[in-house]
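Novice: Pasting a structure below so you can have a look.
The values are calculated or read from the model by the stated rules, or taken from the named source; none is laboratory data. These figures come from a predicted structure and were not determined experimentally. When we count neighbours, we look across all protein chains shown, and the Cβ atoms used for this are built from the backbone with ideal geometry, even at glycine. Please note that ligands, DNA and RNA were not included when accessible areas were found on the heavy atoms of the full protein model with its side chains. Shrake-Rupley method; radii C 1.70, N 1.55, O 1.52, S 1.80 Å.
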Amino acid sequence: MKTEEITSRIKEKARRLGFDHVGVCRATTPPGGSRFDEWLARGYAGDMSYLSERRDAYRHPSGVLEGVRSLVMLAAHYEPTAPERLEAGKGRVARYATGSEDYHDTLRRRLHQLSDYLRELRPEATTRGVVDTAPLMEREFAQLAGLGWIGKNTLLINKGTGSYFFLAAVLTDEELLYDQPFEADHCGSCTACLEACPTGAFPEPYVLDASRCISYLTIEHRSPIDEGLRVAMGEWSFGCDVCQQVCPWNRDAPPTVEAAFKAVEEFSPFDLRALFFLDESDFRRRFRHTPLWRPHRRGLLRNAAIVLGNQQDGDAVLALSQGLQDEEPLVSGASAWALGQLSSETAEQALRAKLGVETNEYVLQEVRSALGSIDARKH
């Protein structure tokens, strides 16, 4: 079977499996390799040390699959719509994470099927499917495969469907027919994404300072969130979509047809108060097979406390007081900060009681600061 026919069949199979876009490119050094090194040197990776530790693997796809010649780049839409307004006590979750199943699981099944199909066509082929966990610059290779351009918000944008999609890839040592790279940049003079970012995470167009990005802060960051960034988080309890919501190319973003990616009521919006009354085993049962498991219980409760504080939700005092007693300092400290945002006698009483028994210095610092905030509003 000729290379052209094999490539055509692979693309057809990918679409039948539910991928909305498919393109093929040669395995090569990604064009953004030097920019990646500079990005790391400027400290924009925050605490994501695994990126610098795997820097050499990012230099070529052979760091993912030895002998690789071709990459089949794939995109699958997730649900673009979101509630405009939230009730107090509810939090926003990035759209990609509101489905009923972890997208990694859904897409890996498809990738296994596509890889099996390629080996049916070429039994001697070696393949590997990846979904955003391997050291691969997916956006760079997706652009090389003709799927779109990398926008000023650093996301891949498709001219026809916007940017609300997952990227995945099948790497193979087989030679395939390659698509033309997407050369144009259709961002033009638009700076909507840069101006809308609540935390100012874009120091310049096409550059993201992840250490200020709400998605990083709520998912990857394992420590207390800097006090200067908490209010800017607004209602985002997991991830952030602001730079996508304002992008003109997402005005006509299509809905997903994948049932597992459609937003479920539980996460859209997200009930934050109830989280504080789940123990570790309950939390695991509820979130283990969803994207929200990534920051684990301690991270998600930290985020929930900050959102409740930002909402100044008086009905959240009971939940935050429960969080204040949590044995995890990250949760207790964030709950203290949130209680300090409330004009509530009950919140003040909980903080003063905590002050008399707490021994962790970080939590003590948060409690004292929260009481200071309450005292300042009284005068």
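Novice: Only one residue in TRP293, TRP249, TRP236 is touching a helix residue (DSSP H, G or I) at 6+ places or on another chain (Cβ under 7 Å) and under 26 Å from GLU195 (Cα atoms). Which one? Spell out how you get there, then give the answer.
Specialist: Values: TRP293 fails: under 26 Å from GLU195 (Cα atoms); TRP249 fails: touching a helix residue (DSSP H, G or I) at 6+ places or on another chain (Cβ under 7 Å).
Selected residue: TRP236, the only one of TRP293, TRP249, TRP236 that is touching a helix residue (DSSP H, G or I) at 6+ places or on another chain (Cβ under 7 Å) and under 26 Å from GLU195 (Cα atoms).
Novice: Could you go through region 161-172 and let me know if any residue there is closer than 30 Å to GLU66 by Cβ, part of a loop (DSSP other than H, G, I, E, B) and modelled with pLDDT of 95 or more.
Specialist: Scanning region 161-172, I find no residue that is closer than 30 Å to GLU66 by Cβ, part of a loop (DSSP other than H, G, I, E, B) and modelled with pLDDT of 95 or more, so the answer is no.
Novice: Are any residues in region 265-299 in contact with a Leu (Cβ under 7 Å, 6 or more places away or on another chain) and of a type in the set (Asp, Glu), and if so, which ones?
Specialist: Within region 265-299, no residue meets the criteria.
Novice: While we're here: Looking at the structure I just gave you, is SER215 open to solvent by 30 Å² or more (accessible area, probe 1.4 Å), part of a helix (DSSP H, G or I) and of a type in the set (Ser, Thr, Tyr)?
Specialist: Details: open to solvent by 30 Å² or more (accessible area, probe 1.4 Å): yes; part of a helix (DSSP H, G or I): yes; of a type in the set (Ser, Thr, Tyr): yes.
Answer is yes for this residue.
Novice: Turning to a different aspect of this structure: Confirm whether GLY129 is out of contact with any Gly (no Cβ under 9 Å at 6 or more places or on another chain) and under 23 Å from ALA97 (Cα atoms). Give the steps one after another, and end with the answer.
Specialist: On the way: out of contact with any Gly (no Cβ under 9 Å at 6 or more places or on another chain): yes; under 23 Å from ALA97 (Cα atoms): yes.
When the stated conditions are applied, GLY129 passes them.
Novice: When region 265-283 is examined, which residues are found to be surrounded by 14 or more Cβ atoms within 10 Å (Cβ to Cβ) and either touching a residue at least 24 places away in the same chain (Cβ under 8 Å) or not in a loop (DSSP other than H, G, I, E, B) (or both)?
Specialist: PHE267, SER268, PRO269, PHE270, ASP271, LEU272, ARG273, LEU275, PHE276, PHE283
Novice: Condition first: open to solvent by less than 30 Å² (accessible area, probe 1.4 Å), part of a helix (DSSP H, G or I) and in contact with a strand residue (DSSP E or B) (Cβ under 7 Å, 6 or more places away or on another chain). Now tell me which residues in region 101-142 satisfy that.
Specialist: Result: TYR103, LEU107, LEU111, LEU114, SER115, LEU118, PHE141, ALA142.
Novice: Of the residues LEU177, LEU167, which is within 25 Å of SER34 (Cβ to Cβ), touching a helix residue (DSSP H, G or I) at 6+ places or on another chain (Cβ under 6 Å), open to solvent by 10 Å² or more (accessible area, probe 1.4 Å) and touching a residue at least 60 places away in the same chain (Cβ under 8 Å)? Can you show your working first?
Specialist: Values: LEU177 fails: within 25 Å of SER34 (Cβ to Cβ).
Going through LEU177, LEU167 in turn, just one is within 25 Å of SER34 (Cβ to Cβ), touching a helix residue (DSSP H, G or I) at 6+ places or on another chain (Cβ under 6 Å), open to solvent by 10 Å² or more (accessible area, probe 1.4 Å) and touching a residue at least 60 places away in the same chain (Cβ under 8 Å): LEU167.
Novice: Sticking with this structure for a sec: Scanning for something more than 17 Å from LYS90 (Cβ to Cβ), of a type in the set (A, V, I, L, M, F, W, C), in contact with an Asp or Glu (Cβ under 8 Å, 6 or more places away or on another chain) and surrounded by 14 or more Cβ atoms within 10 Å (Cβ to Cβ), does region 303-320 turn up at least one residue?
Specialist: Checked region 303-320: no residue is more than 17 Å from LYS90 (Cβ to Cβ), of a type in the set (A, V, I, L, M, F, W, C), in contact with an Asp or Glu (Cβ under 8 Å, 6 or more places away or on another chain) and surrounded by 14 or more Cβ atoms within 10 Å (Cβ to Cβ).
Novice: Across region 9-39, what is the number of residues that are assigned to a helix (DSSP H, G or I) and surrounded by fewer than 16 Cβ atoms within 10 Å (Cβ to Cβ)?
Specialist: In the first step, residues of region 9-39 are kept if they are assigned to a helix (DSSP H, G or I); the result is 9-16, 33-39.
Restricting the remaining residues to those that are surrounded by fewer than 16 Cβ atoms within 10 Å (Cβ to Cβ) gives 9, 12, 15-16, 33-35, 37-38.
Summing the residues that are assigned to a helix (DSSP H, G or I) and surrounded by fewer than 16 Cβ atoms within 10 Å (Cβ to Cβ) in region 9-39 gives 9.
Novice: Shifting gears a bit: Does region 84-91 include one or more residues that are over 30 Å from LEU320 (Cα atoms), touching a strand residue (DSSP E or B) at 6+ places or on another chain (Cβ under 7 Å), at pLDDT 95 or above and buried (at least 22 other Cβ atoms within 10 Å of the Cβ)?
Specialist: Looking only at region 84-91, we keep the residues that are over 30 Å from LEU320 (Cα atoms), and these are none.
No, there is no match, as no residue in region 84-91 is over 30 Å from LEU320 (Cα atoms), touching a strand residue (DSSP E or B) at 6+ places or on another chain (Cβ under 7 Å), at pLDDT 95 or above and buried (at least 22 other Cβ atoms within 10 Å of the Cβ).
Novice: Find all pairs meeting these conditions: Cβ atoms under 9 angstrom apart; at least six residues apart or on different chains; first residue within region 236-250 and under 16 Å from TYR78 (Cα atoms) and of a type in the set (S, T, N, Q); second residue open to solvent by 30 Å² or more (accessible area, probe 1.4 Å) and modelled with pLDDT under 95.
Specialist: Sorted first by the residue in region 236-250, then by its partner, the pairs are GLN245/ALA82.
Novice: If I filter region 212-229 for residues that are in contact (Cβ under 8 Å) with a residue 12 or more places away in the chain, more than 19 Å from PRO83 (Cα to Cα) and more than 20 Å from the chain's Cα centre (by Cα), do I get at least one hit? If you could, list the steps in order and put the result at the bottom.
Specialist: Just the residues of region 212-229 that are in contact (Cβ under 8 Å) with a residue 12 or more places away in the chain, to begin with: 212-225, 227, 229.
Going one step further and asking which of them are more than 19 Å from PRO83 (Cα to Cα), we end up with 212-213, 216-225, 227, 229.
Pick out the ones that are also more than 20 Å from the chain's Cα centre (by Cα) and you get 227.
Within region 212-229, one or more residues are in contact (Cβ under 8 Å) with a residue 12 or more places away in the chain, more than 19 Å from PRO83 (Cα to Cα) and more than 20 Å from the chain's Cα centre (by Cα).
Novice: Quick test of your reading of the structure: ILE6 fulfils all but one of (1) open to solvent by 70 Å² or more (accessible area, probe 1.4 Å); (2) modelled with pLDDT of 95 or more; (3) part of a helix (DSSP H, G or I); (4) of a type outside the set (Lys, Arg). Name the failing condition by number.
Specialist: Status for ILE6: all satisfied but (1).
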